[in-house]
Amino acid sequence: SPTFTTDDVRGGCFSFNGTNQYATVPDVTGVTDFDTTDFTIDFWIKANTSGISTQTIAYKGFNSYRIWYYNGTTFIGDDSGTSLGTSLIIQNAWTNLVFTIDSNAFGRTITRYRNGSSIASGSISGQYLANASSLQIGRLSSSEYFDGKIAVFKIYDRVLTGTEVLANYNAYKGRFGL
């Protein structure tokens with residue numbers, strides 16, 4: 001399990017060592033398990049390394065959503081190799097990342113936000129598949145462990161608007177010294 005710490009953040013966060021620590025959120029349909037529906041993932045992150053090796057931030061199981069960090073780029077996608085990458089994480093600094101996933105019959109439109117501002121948007125064909133896997137925070141199955149801190153990890157069952165993303169960022173940024 002990751003270590004809970006109050007170092008450098010009011011209210012605390014979870015610290016992952018990049019070797020064997022991760023958190024598990026049990027599968028709950030409509031809470032962690034989305035297939036053809038819209039959803040948003042919102043969290044604060046502080047990476048200790050530049051991600052020279054692949055580090056998984058969140059993983060929901062085969063053919064479902066996955067967020068990972070590699071060589072300074074943050075990716076969202078699935079196991080089929082379908083993904084979108086954007087330079088989002090600022091090493092050794094708290095960063096708020098938000099991914100809105102707008103699903104339709106042809107695929108998903110994913111908008112990526114950093115610190116309340118839209119950075120990039122793109123489309124991926126296909127849908128995420130519902131599964132009974134637990135949401136893993138900080139690793140991919142039994143590898144690709146995350147080295148850093150994660151706080152205020154939230155999943156919404158809808159696409160947040162840009163105004164809502166900015167309001168959430170402004171509501172929490174003081175906790176992170178921003």
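Gain on full extension, evaluated as 0.36 nm per residue between residue 93 and residue 28 minus their Cα-Cα distance, stands at 20.2 nm. Of 42, 102, 157, 147, the order by accessible heavy-atom surface (1.4 Å probe, DNA, RNA and ligands excluded), from most exposed downward, is 157, 102, 147, 42. Take region 127-176 with all the other protein chains still there, run a 1.4 Å probe, and you get 45 Å² of accessible area per residue.
The values are calculated or read from the model by the stated rules, or taken from the named source; none is laboratory data. Predicted model, so just to flag it, every value in this text is computed and none were measured. Only protein heavy atoms, including side chains, enter the accessible area calculation; ligands, DNA and RNA are left aside. Shrake-Rupley method; radii C 1.70, N 1.55, O 1.52, S 1.80 Å.
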